[in-house]
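The structure under discussion appears below in the form of structure tokens.
The values are calculated or read from the model by the stated rules, or taken from the named source; none is laboratory data. Predicted model, so just to flag it, every value in this text is computed and none were measured. Methodologically, a virtual Cβ is constructed for each residue, glycine included, from the backbone with ideal geometry; neighbour enumeration extends over all protein chains shown.
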Amino acid sequence: MTGETLTLSLPAPLAHELGSATQDFLADLLARGLREVKVERALELYARGGISFGAAAQQAGVSQSDLSRFAYARGMEPPFSAQTLAEELGEAA
């Protein structure tokens, strides 16, 4: 894998736990964590009325359909467009 080197300071227990992890595992862990944080922040902004649901999906880097699933998992009731409903039903819009 090619990329840039990043140096982090971690709490000792976490550093110990991750000490034997492979580069691929750590990269996957960071990518998943970053996605989760982006989704959380986008949903927080949406919930406060700061942005539309579509803008929240764009900010999080996911589709509106995926963001709907994340919202439901957090007890939120996202709006449904005709396109989102068609995606959820597995139909072409």
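Things to note:
- Matching residues, region 25-71, being aliphatic (A, V, I, L, M) and closer than 21 Å to GLY3 by Cα: LEU26, ALA27, LEU29, LEU30, ALA31, LEU34
- Residue list for region 7-31, filter: of a type outside the set (A, V, I, L, M) and surrounded by 10 or more Cβ atoms within 10 Å (Cβ to Cβ): HIS16, GLU17, PHE25, ASP28
One line per residue, one yes/no per condition, for (1) assigned to a loop (DSSP other than H, G, I, E, B); (2) at pLDDT 90 or above:
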residue	(1), (2)
ASP24	no, yes
ALA31	no, yes
VAL39	no, yes
ALA56	no, yes
VAL62	yes, yes
SER65	no, no
PHE70	no, yes
GLY75	yes, no
PRO78	yes, no
